[in-house]
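The values are calculated or read from the model by the stated rules, or taken from the named source; none is laboratory data. Predicted model, so just to flag it, every value in this text is computed and none were measured. When we count neighbours, we look across all protein chains shown, and the Cβ atoms used for this are built from the backbone with ideal geometry, even at glycine. Ligands, DNA and RNA are excluded from the accessible area calculation, which covers all protein heavy atoms including side chains. Shrake-Rupley method; radii C 1.70, N 1.55, O 1.52, S 1.80 Å.
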Amino acid sequence: MDEVNFDWHLTSSFAGQSSELALLDRWWQDPSTTTMVVSGPVGSGKSWLVRQFAHHKDATVVPCRRISVGAQLEKIRATLSLKPTDSESSNTLSSLIAELMEQRSDHKSLLIIDDFNWLLPTGGSTVDEELARLRKTIISRKASSPLKLLFVVEDRSVADTLVAEKPSNSGVIQGLEMSSLSLSNAGSLLQGSDPFERFTLMSVSGGLISRVAIFGASDLRQVVVDEVLTPGGALWETGEVPITASLREPRIYFSILEELAAGDRLIAELSPAIHLETGPTSKYLNTLETIGLVERRLPVGAPPLSRNGHWRLKDGFLRFYFRFVFPNKEKIIDGLSPEDLYDSVIAPDLMRGVEIDFQDWATSWTRKSHSFIAPIAGPWWPSVKPDFRRKQSRRTEGLTIVGFDETQITMAGEAIWSNQPMGEEVVRDLRDKRLPLLAGAGYEQEFPPILILFSRAGYTDELKNAARTDESLVLVDVGLEMTREAAQR
């Protein structure tokens, strides 16, 4: 247990998360709000963030453990100088917080409960009831206590329940969801200056601060071999933790993640691959979505209830893990060299996985730089049958970027992460094959729409010459733009 007047010995090692730290500082200064719930997956830097925030404050940090709720609450009571309870019925989280808020009514202080979810009872209805009591306790005592409460949880549903905007809340309980680092706030965690190497490290690490620190310490091959593919390595089991720590039956979830690691899927493609009907598959996907591992993506302009939604595994590291590590673990244990696995299986196929994040980066860049001509921009794909889509042709994949104004398509784009310079064939494919798919789907187009192209390896001389005389062609200097983004601290 950490002492009051908290002094964090790792504060000099803290990096990134400057915007999250600033948000917590504003919350600390705001007298109208009492509680902050910080949520995010394992490795997202929640614990580091709150300890950096607590540094040199009148703060107590309580790290919870996987022991019985009652035993843990009694230990916390002793640490916080609260009297033991007379009965189990009164030994609850809400009663502990009520007593503490009453005790600390004379000065401002901070209580951080890390892994807060281990203080909740088991069972859905009892958890909801305890969270409701806790909300009521915090809101009703807010005016009489300057105590600030900071709860750290992995389960986003717990955070959502506490933070839910109801008339009684009125901002008293707020939430902060941790996300992946960007190129700009990864900062000193990434070695080297090559923007493409840095982007690859960010993609494979998934952007979570704990993993970025590991991947940024050496070259990619060495980190993957030593820390991911070697039994006992720092990341050998990390990919499975979000499932085994949160869900009782991991096998079906692992099967879904293994499928999604190969690329986005329609539910009609997933179901036969994992040998389940679409109904049960949908329930498993909804659970994975609730804990923040997957997301349902729609083509830009599609209605929310469209059946053309693709499911994606959000975390780049989990895509890497379930594509290359999880299926080969037994082979490694049986003697397959991690070096051989990397060189023969991972290295030849690595760029395809990074391209998913590269296309997201290109879409984000386009939204920021060309919002004046395309207020709405995102990926688009046609509605096709799963068996036809499995052919993986550009015709069935749609377009990486499509931009709209209020009435028509004004822009389209492609982003390719490879070692080969992009050539004029990409422009012909866009104009002759894929843009007509949009017209066939009923979208009106400005003629000609602006084409924005992104290529890791640059562009052929022929394409550069074409862009000099064609004002509708925009060739983005990807290395320059990534370097600029990384410099924006």
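Relative contact order of the chain, please, whole-number percent, based on alpha carbon pairs below 8 angstrom and at least 6 residues apart.
Across the chain, relative contact order equals 12 percent.
Here's the list of lysines a cross-link from Lys83 could span, going by alpha-carbon distance under 29 Å and ignoring same-chain residues fewer than 8 apart: Lys57, Lys75, Lys108, Lys136, Lys142, Lys148. Figure legend: label point modelled 7 angstrom from the Cα of Gln222 along Cα→Cβ; residues of segment 180-200 with amide N under 14 Å from it are 191-192. Gain on full extension, evaluated as 0.36 nm per residue between Ser19 and Ser179 minus their Cα-Cα distance, stands at 56.5 nm. The order of the peptides 413-425, 61-73 by mean Cβ neighbours within 10 Å, most packed first, is 413-425, 61-73. In a simple Cβ point-charge model (Lys, Arg +1; Asp, Glu -1; nothing else charged), segment 68-217 has a dipole of about 460 debye relative to its Cα centre.
Normalised per residue, the accessible area of segment 185-329 is 41 Å², obtained with a 1.4 Å probe and no contribution from ligands, DNA or RNA. Protection proxy ranking of 272-281, 288-297, by the mean of other Cβ atoms within 10 Å over each peptide's residues and highest first, is 288-297, 272-281.
Across the protein chains, with a 1.4 Å probe defining accessible surface, the residues Glu444, Glu481 rank Glu444, Glu481 from largest area downward. Dividing the mean sequence gap of close Cα pairs (under 8 Å, 6+ apart) by how many residues segment 194-277 holds gives a relative contact order of 12 percent. Look at the dipole of the chain built from charges on Cβ: of Leu150, Ser39, Thr161, the Cα furthest out on the positive end belongs to Thr161.
Listed peptides 222-230, 431-439 appear in the order 222-230, 431-439 once ranked by packing, highest mean of other Cβ atoms within 10 Å at the front. Solvent-accessible area of the chain (1.4 angstrom probe, protein heavy atoms only): carbon and sulfur portion equals 50 percent.
Each helix, a run of at least 4 DSSP H residues, gives -39500 (n - 2.57); summed and divided by the residues of the chain, these come to -11500 deg cm²/dmol at 222 nm. Here's how it looks for Leu176: its modeled amide H is under 5 Å from those of Val37, Val38, Ser39, which are all 5 or more places away or on a different chain.
The DSSP beta bridges internal to the chain are antiparallel in roughly 30% of cases.
Only helices at least 20 Å long along their own axis, judged from Cα atoms, and with Kyte-Doolittle mean hydropathy of -1.0 or greater: name those in the chain from DSSP H.
124-141, 347-369
Take the Cβ-Cβ distance between Leu247 and His56 as r, set R0 to 41 Å, and report the resulting FRET efficiency rounded to the nearest 0.05. Rounded to the nearest 0.05, the efficiency is 0.60.
With the simple spin-label model, which puts each label point 7 Å out from Cα in the Cβ direction, the Lys75 to Ser472 separation comes to 6.7 nm.
Specify the inter-centroid distance of segment 249-283 and segment 302-328, based on alpha-carbon positions, in whole Å. Answer, in whole Å: 10.
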